[in-house]
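None of the figures in this text is laboratory data; all of them are computed from the coordinates on show. Not measured: the values here are computed from a predicted model. Here the Cβ positions follow ideal geometry from the backbone for every residue, glycine too, while neighbour counts run over all protein chains shown.
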Amino acid sequence: MKDGIPQRVKASTSVTRGSAWSGAIPIARLPRLAASLTGLDGELQAELHASCDLAGAATLKGRISGALGLVCQTCMKPFSWPLQTQLELRLVSSEAEEKRLLHDCEPLLVEDDSLHLHALVEEEALLALPIAPRCAACAGE
């Protein structure tokens, strides 16, 4: 695995080579995620791997983790929330293919043969955020 997560890679080359990336992305470089958090401190750890599955379909798999600063919606105090999420995406090149596969897998539309890895990690982290975060003290009530 290479050290670090590049901002953008060529999808076809990455899949053909079975490219893998591992590293940290500072929260400060993820503006949409940062806007949902209590501060810019910290980073997300990500491991990503592009490959072809047994059927020959292009995939991107990985996991993302980190400690995110959220505000408890019960007591309104900040707390650190442990993010742990996995992703398994099927890379598709057209909206028609994306629509066709929507019920079978999680498709990701790849435009201009470009995978925007930082944006993808940010999007997956945003999707994993709880709708109404609660700290451990309030969640145990």
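Figure legend. Inter-residue proximity from the range 119-131: first residues over 14 Å from LEU30 (Cα atoms), second residues among the hydrophobic types (A, V, I, L, M, F, W, C) and surrounded by 13 or more Cβ atoms within 10 Å (Cβ to Cβ), beta-carbon distance below 6 Å, spacing 6+ or different chains. Indicated pairs: ALA128/LEU83. Within this structure, ALA57 passes the test of being surrounded by fewer than 19 Cβ atoms within 10 Å (Cβ to Cβ) and in contact with a Lys or Arg (Cβ under 7 Å, 6 or more places away or on another chain). Being touching a strand residue (DSSP E or B) at 6+ places or on another chain (Cβ under 8 Å) and assigned to a loop (DSSP other than H, G, I, E, B) is the filter; apply it to the range 124-141 and report the residue that is farthest from ALA46 (Cα to Cα). Ranking the qualifying residues of the range 124-141, first place goes to CYS135. Taken over the range 87-118, the criterion of being in a helix (DSSP H, G or I), without any contact (Cβ under 8 Å) to a residue 60 or more places away in the chain and either closer than 25 Å to SER65 by Cβ or not charged (D, E, K, R) (or both) is satisfied by ALA96, LEU101.
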